[in-house]
Amino acid sequence: MRIDPFALRKPAALLGLALVAIHLVLALFSPWIAPFDPTELVGGRVDPPGGEFLLGTDALGRDYLSRLLHGGRMALFVTFTGVVAAVTAGSLAGIAAAWFGGTLDDVLMRLCDVKLALPGILFVSLFITGFGESFGVLVTLIGLVYFPGVIRIVRAQALTQVNLGYVKAAQLRGESAFSIIAREILPNTLDVVYVEFAIRMSHAVLLLSTMSYLGLGLSPPTPDWGLMVSEGVGQLAFAPWLVLFPAVFISTLVIGLNFGAEALAGALGLDASRGHVGGT
Amino acid sequence: MNRREMIAAVGAALAGLAAPEALAQPKPKRGGKFVYTNLYPNNRMGDAKNGRHPYHLLDINTRSAFNGLAFVNDRLQVEPELATAWTPSADLKAWDIQLREGVVFHNGRDMTADDVIASFAFHQARTSFARQIAKVEKTGTHKVRMHLAKPNSEFPFILGEYQLMIMPAAPLETIGLDGIGTGPFRIVDLDPKRRLVMERNERYWRKGLPHVDRLEVASSPGRMESALNGFRGGQFDAVLGVDPGILPELDRIPGTVVSTALSGDQALMILPKHEGSVFADKRIRQALALAIDREKIVRIVYGTKTGWVGNDSHLTPSNPEFLPVTFKRDVAKAKRLLAEAGHPNGITLPTFYFTASWPEVPRVFQVLAQSVKEAGITLPIEQRPSDGYRDWRVEDKARTRKHRFAYGPAGVRNPGVSLYRMRPDNNESGYWSGAACEKYMKLYDEAVVEPDPVKRKFLYVQMQQILADEVPAIHPAGRRNMLIHKSNVHGLENHSQFWSIRFDEVWKA
Amino acid sequence: MARAFLRRLALSLGVVWLVTVLVFVSTEILPGDALQVSLTADEAAQMTEDDFARRRAELGLDRPAPARYAGWLLAAAKGDFGTTIIGKADVTEVIAYPLRNSVLLCLVTALVAIPAALAIGIAAAYWRGRAPDFAASSGAILGYSIPEFASGNFLILCFAIWVPVFPAVITAFTKDPPSVLLGAAFLPVLTVVIGSIAHLVRLVRAGFIEALNSDYVERARLAGASRLRIILRHALPASVIPALNSAALYVAGLLSGIIVVEKVFGYPGLGLVLINAVEKREVAVVQAVSLIAAVIVVAMNLLADAAVMALDPRARSR
C-alpha cells in the first residue's frame, strides 16, 4: 500500500476524515457523552430544543440529543459488521474467481447477475418479512446485499494482477497458489478493497436508515436515526427538528464516508470517480 | 359554593343550553363533495377484480355503499337498518326477522327475503362471523327466520357486522362483485388500494339522505404524515383514524375539529401458558399486570383525551358491561409475587413481539417496558412488519399449540363476542386452562342462553373479575378513535368500531 | 460480434430464470401463507384448525411447492401470470398500471437527471479544480447524502404546506392517464433526481476529464479547433460512452429505487404493490413483478452493451 499524503490534505478529504472520526467517537462513547439514558422517559412531550434538553424531546419525552448520539451506535455497528462481512467474503470470492477462472468464475458471475437483476426492495422485504428485524438478520442482509458487487470489483482488480509478469514468474517458480494469492495478489488488491469498504459503508448507512423508515429495519426502542425520522415525520410541520436532526446526522456520516473514500482512493492512487457512489 | 350560587350556576347553564345558536341545529345543506382519507389498514383490501365486494371494499366502511340488517351504534346498541324488528324463539336458537319494505338496490331492484337468503348463503360459507347460522328460511316476501347452531342471546349484534351486508341475489361465485347495495352512495369508480369515488343514491331508503352529492375516499393506511399534509393542503375534508400522538398539535391547524369515539381498539398482550413458559406461573402474570403503569401509558401515549385504561379483558368503555379496573398499580406487590415465584432479584421476560397496526402501538409498549423496570422486570421488545397477524405469534406448525409472547389487536364488540375470545382453545388466551378458566366458560355458557340483559351483565362482570384476578392476558390500554374534520363539515359522527362510521348525514356548510 | 451478443442473450435468459427460482424458494421459506395473512385477528379468532385446512384446500394452497412452481413457470412462459390467491384477480391486471406508472416516473426522472448530469458533469470537468467543480461535486454529494424520506418530506413541507403550489399527496387513480400523474409528480421526480444524480455527475465528470486529456482532443486543440467545437465534437461523444452503461443501470435501478417516494407521496407505482404482495404472500404477484424487473435490468444491460459495441470502435474490434 503506497499512501500519497498530499491527497489526504485536500479540504474535502480533511472534512470527510473529520466527519467520520467525529461519528466514530460519538458512537463509541455515546453512553458516556449522552446526558440521559436514550430510552428513559425524562421530559415532556416534544419539548422544543434549548433548555434542559439541548435538542428537545421526542413524543414520549425522551431526550433527543441522547437518542441521536446513541442512534449511530447500532446503525454503525450493523452496517460495519455487515459490510466487513461482505467485503471480506466478496474479496476472497473475487480473488478466487480471478485465480481459478472456469466454472467457479462463471458461477460467481451469474450469482452477481442474479443479485443485480433482483429488485433491491424485494430482497429486503422478503428477508425482513421472513426472518424479523433482529441484529443477526440485519447484518446478514447487509452482507448479502453488498457481497456480489464486491466480488465483481475485486475480481476485475485481481484479474489485472493475475496477468502481470511477476505473478506469472511466481507461477513458473512453482510457488503454491495460496502463497501467490497471499503474497502477490492480495496486497495489490487491498487498495481497491479499502475504497470499496468505505463506499459500501456510506451506501449501507443510507440503506439501513431507509429500511428503518419503511418499517423493515431496526426495531423500537432501539434509538436509530431512520426510525426517529419515521416517528417524527407525523409532526414535521409542527416540530421540523424531529426530522431535521436525525437527517443531519445521517447526511454528515454519509458525506464523511464519501469524502473519506475519495480521499483514500486519491491517496492510494486509485480513481474513485469510477467507483460506486450512488450506485449499488 | 352556597345554595344560591349553585342555583344561579345551574340557571346559567340552562340559559346556555337554551341559547338559540346551541339549540337550533343548523339546517343541513344539500350538495357538494366530501373527501376524506382513512388511516385504518384493511387487511382484506380488495384487488382489481373484486374491490367492489363488501368483503374487499377499499375502506372497510362498507355502509357507504351497502347496508346490513342491523347497525351497532357507538354506545354498542343495536339499531334497525334493513331489518325493522327481530324476535327470538324461547330457546334463543331461531330468530324471526322482519325486513324493511320499499328498499331499492342501486340497480333499481326491490330488496326482498330472497336477497337476504342469497347474501347469507355467501356469508355462511365465507366468514366466521356467520358460521353460527345453520339455516336461513324464507317466511314471507319480507320476512326470514334464521336458525342458529347454538343459542345466542346477542345474535342481533352479528347482524350488524360490517361484512354481513345485503347484496342483490346472485350465485355464490358472483354475488357482491358488482358493488351494488342499498347504501347511501353508489360506487362510481374504484382503485382497489387507493381511492373510491361514490355518488348519491337518489333512491336511498332513509328519505332526504345523504346530503352530499359525492363521497370520495383516499386510503392512506399508516401514512399519518401524508394524510395530515393533504388535510392541511386542502385536499381532504376529514381524516379518519388520526394518530393520537399528534393531538396537541392539531389545535395549531386553524379550523380543525377533533371528534373522539367512546373507545376503540386496544392492545392485547398474549401470555403463552404452555409448559415451560414463564407465564404458566400465575404469580408472574399477576406481577406483570401489577407492575405496568397503565395511567402513565394513557397519559404519555394518549394524552388522557384519546385513551383509556384496559381491564385485561376484551371489553372497552363502549361496553355498558365494562368493569373499570379495580386494582391499582402496585410495584411492591409485584416484587413480592416475583420473589414468591422464585425471582427475588427480578426477572427477564422473553422477547415481546408487536406490530404497528396503529401508529401508537410501538409507543404503548415502549412506555410499558420502561414502567415495569421499577418492579425488576426486564421486558425486551421487538417490532415486526405489519403483515397479517399470526406468524410471528403462533408456533403451531407441529400443533404443539405453543404461542409466542406477542401483541394482538383487539377490536370493540359486544361481550358475547369479545369475552368468548378468552376461551381456552383460542390462541389469544395463550391456551388458558384450569379451574378458573372452567368457571369462566361456565359463566359464558350461561350468558349465551340468558335473554335478560341485566342478568347477562351480572354474568359478564363476574367473568371480568376472573380475568382481573387470573390475568390470562393483559390489556394495558386502548385508544379512543379519533377523527378530524374541517369546521365546515357537519354530521360526521365518530365510532368505536372504526368500520361502522356512516356518511349518510354528513354535509358541508 | 453477433455470436458474442447471442451468448450474452442466452446467459441473460438463464439469469432471469434463476431469479424466478430464487424468488419462489424465498416465498416458500417465508412463514405463513396468503390465507393466514388475509384474515383479521377478530375473524381468525373464530376459526378452528380444520377451518384453516378447508380454506387452504379451496385456495389451492395445499398443493406441493414444486407443482405450484412448475405450473406458474409454464403459464408465465406463455405470458399468463395467473391470479391472486385470495381475490382470484388477474395478476396482469393487478400490476399493469403500477408498472406503467413506475416506468413513467423512471423515464421522466431519467430525462431530467441524465441531461442535468451531463451539463453539471461537463461544467465540473471543464472548470476542474475551480469553484464550479467544487460546487457541483459537493452539491451532488450533499444531495446523495440526504435520505430521500427526509428530503421528500421537507419538499412537501416547503412546496405543499408553506407555499402550496404542489399537492401534498397524490390521490390520482392508478389507471389515470399519464398527464394526470405527471402533473402531480413534480416533487417526487425532484426528490429522486436530487438523491440519485451524484453517481451520474461523477461518471460524466471523470469521463470528460479523461476525454479532454486524450490524444485526439489534444490533436484537435493543436489543429486550432475552437473550445466549443472541441467540447461538442470531440470530448462529449468520448465521455458519453463510458457513462452509457451506468445510465442504463441507473434507469433499471430507479425502478425499484422509487419505493420511498411512492410511500412519501402516495405515487401509485410498483414498489408498494411488491411490498404489499410480499406481506400478503401473494406469490404470483411477487413472481410477476420480480420477473419483469429482472427482464428490464437484463435488457437495459444488453442494450447498453449493444450501444457501447455500436458506438465504440475499440469495443467493436475486440
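Checking the conditions here, which among B:K282, B:K335, B:K328, B:K305 is without any contact (Cβ under 8 Å) to a residue 24 or more places away in the chain and open to solvent by 30 Å² or more (accessible area, probe 1.4 Å)? I'd like the intermediate steps shown before the answer.
Working: B:K282 fails: without any contact (Cβ under 8 Å) to a residue 24 or more places away in the chain; B:K335 fails: without any contact (Cβ under 8 Å) to a residue 24 or more places away in the chain; B:K305 fails: without any contact (Cβ under 8 Å) to a residue 24 or more places away in the chain.
After ruling out the rest, the residue left standing is B:K328.
For (1) open to solvent by 30 Å² or more (accessible area, probe 1.4 Å); (2) β-branched (V, I, T); (3) closer than 23 Å to B:R299 by Cβ, each residue gets a yes or a no:
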| position | (1), (2), (3) |
| --- | --- |
| A:P31 | yes, no, no |
| A:F36 | yes, no, yes |
| A:D47 | yes, no, yes |
| A:G51 | yes, no, yes |
| A:G56 | no, no, yes |
| A:S66 | no, no, yes |
| A:L69 | no, no, no |
| A:R73 | yes, no, no |
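How many of the residues in segment B:185-201 are open to solvent by less than 20 Å² (accessible area, probe 1.4 Å) and either in a loop (DSSP other than H, G, I, E, B) or among the aliphatic types (A, V, I, L, M) (or both)?
Residues meeting the conditions: 4.
Exactly one condition in (1) at negative phi; (2) touching an Asp or Glu at 6+ places or on another chain (Cβ under 7 Å) is false for B:E470; which is it?
(2)
May I ask you to list the residues in segment A:42-81 that are among the β-branched types (V, I, T) and either more than 13 Å from chain B (Cβ to nearest Cβ) or in a strand (DSSP E or B) (or both)? Give the steps one after another, and end with the answer.
Filtering segment A:42-81 for residues among the β-branched types (V, I, T) gives A:42, A:46, A:57, A:78-79, A:81.
Hits for segment A:42-81 are A:T57, A:V78, A:T79, A:T81.
Which of (1) surrounded by fewer than 23 Cβ atoms within 10 Å (Cβ to Cβ); (2) in the same structural domain as B:H147 (by TED's automatic domain parsing) does B:L76 not meet, given it meets every other one?
Evaluating B:L76 over (1) surrounded by fewer than 23 Cβ atoms within 10 Å (Cβ to Cβ); (2) in the same structural domain as B:H147 (by TED's automatic domain parsing) leaves (1) as the failure.
Of the conditions (1) closer than 30 Å to A:F178 by Cα; (2) surrounded by fewer than 21 Cβ atoms within 10 Å (Cβ to Cβ), A:I142 fails just one. Which one is it?
Of (1) closer than 30 Å to A:F178 by Cα; (2) surrounded by fewer than 21 Cβ atoms within 10 Å (Cβ to Cβ), only one is false for A:I142: (2).
Only one residue in A:L257, A:L214 is facing another protein chain (nearest Cβ under 10 Å), touching a Gly at 6+ places or on another chain (Cβ under 8 Å), at pLDDT 80 or above and open to solvent by 10 Å² or more (accessible area, probe 1.4 Å). Which one?
One residue alone meets the criteria, A:L257.
If we keep just the residues of segment B:285-315 that are of a type in the set (D, E, K, R) and part of a loop (DSSP other than H, G, I, E, B), which is farthest from the chain's Cα centre (by Cα)?
The extreme case among them is B:D293.
Mind counting the residues in segment A:209-251 that are farther than 29 Å from B:I253 by Cα and charged (D, E, K, R)?
Total satisfying the criteria: 1.
Would you kindly identify the helices (runs of 4 or more DSSP H) lying entirely within segment C:249-312 that contain at least 2 residues that are at positive phi and surrounded by fewer than 24 Cβ atoms within 10 Å (Cβ to Cβ)?
Hits in segment C:249-312: none.
With the structure loaded, tell me whether A:R155 is open to solvent by less than 20 Å² (accessible area, probe 1.4 Å) and among the basic types (K, R) or whether it fails that test. Quick ask: steps written out before the conclusion?
Working: open to solvent by less than 20 Å² (accessible area, probe 1.4 Å): no; among the basic types (K, R): yes.
No: the conditions fail for A:R155.
Pick from segment B:359-407 the residues that are within 14 Å of chain C (Cβ to nearest Cβ) and at pLDDT 85 or above: which of them is surrounded by the fewest Cβ atoms within 10 Å (Cβ to Cβ)?
So the residue we want is B:V361.
Taking A:E133 and the conditions (1) surrounded by 19 or more Cβ atoms within 10 Å (Cβ to Cβ); (2) assigned to a helix (DSSP H, G or I), which numbered condition does it fall short on, given that it satisfies the others?
(2)
Return the only residue of C:G32, C:G79, C:G87 being modelled with pLDDT under 85 and open to solvent by less than 20 Å² (accessible area, probe 1.4 Å).
C:G87
Of these, C:F166, C:F186, which one is in contact with a Leu (Cβ under 8 Å, 6 or more places away or on another chain), open to solvent by 10 Å² or more (accessible area, probe 1.4 Å), among the hydrophobic types (A, V, I, L, M, F, W, C) and under 29 Å from A:F245 (Cα atoms)? It would help to see each step written out before you state the result.
On the way: C:F186 fails: in contact with a Leu (Cβ under 8 Å, 6 or more places away or on another chain).
From the options C:F166, C:F186, the qualifying one is C:F166.
Out of the residues in segment A:2-29 that are within 13 Å of another protein chain (Cβ to nearest Cβ) and open to solvent by 60 Å² or more (accessible area, probe 1.4 Å), which is modelled with the highest pLDDT?
Among those that are within 13 Å of another protein chain (Cβ to nearest Cβ) and open to solvent by 60 Å² or more (accessible area, probe 1.4 Å), it is A:L15.
Could you name every one of the helices (runs of 4 or more DSSP H) located completely within segment C:10-129 that has at least 3 residues being more than 14 Å from chain B (Cβ to nearest Cβ)?
Ranges flagged: C:65-77, C:91-126.
Tell me which strands (runs of 3 or more DSSP E) are completely within segment B:202-274 and hold 1 or more residues being among the polar types (S, T, N, Q) and crowded, with 22+ Cβ neighbours inside 10 Å, or say none if there are none. Let's see the steps before the verdict.
Numbers: elements: B:214-219, B:238-240, B:256-260, B:266-270.
Per the criteria, B:214-219, B:266-270.
Can you tell me which residue is farthest from C:L22 (Cα to Cα) among those in segment A:107-123 that are more than 9 Å from chain C (Cβ to nearest Cβ) and in contact with a helix residue (DSSP H, G or I) (Cβ under 6 Å, 6 or more places away or on another chain)?
In this case the residue turns out to be A:L108.
The values are calculated or read from the model by the stated rules, or taken from the named source; none is laboratory data. Just so it is clear, the structure is predicted and the values come from calculations on it, not from any experiment. When we count neighbours, we look across all protein chains shown, and the Cβ atoms used for this are built from the backbone with ideal geometry, even at glycine. These area figures cover heavy atoms from the full protein model, side chains too; ligands, DNA and RNA do not enter into them. Shrake-Rupley method; radii C 1.70, N 1.55, O 1.52, S 1.80 Å.
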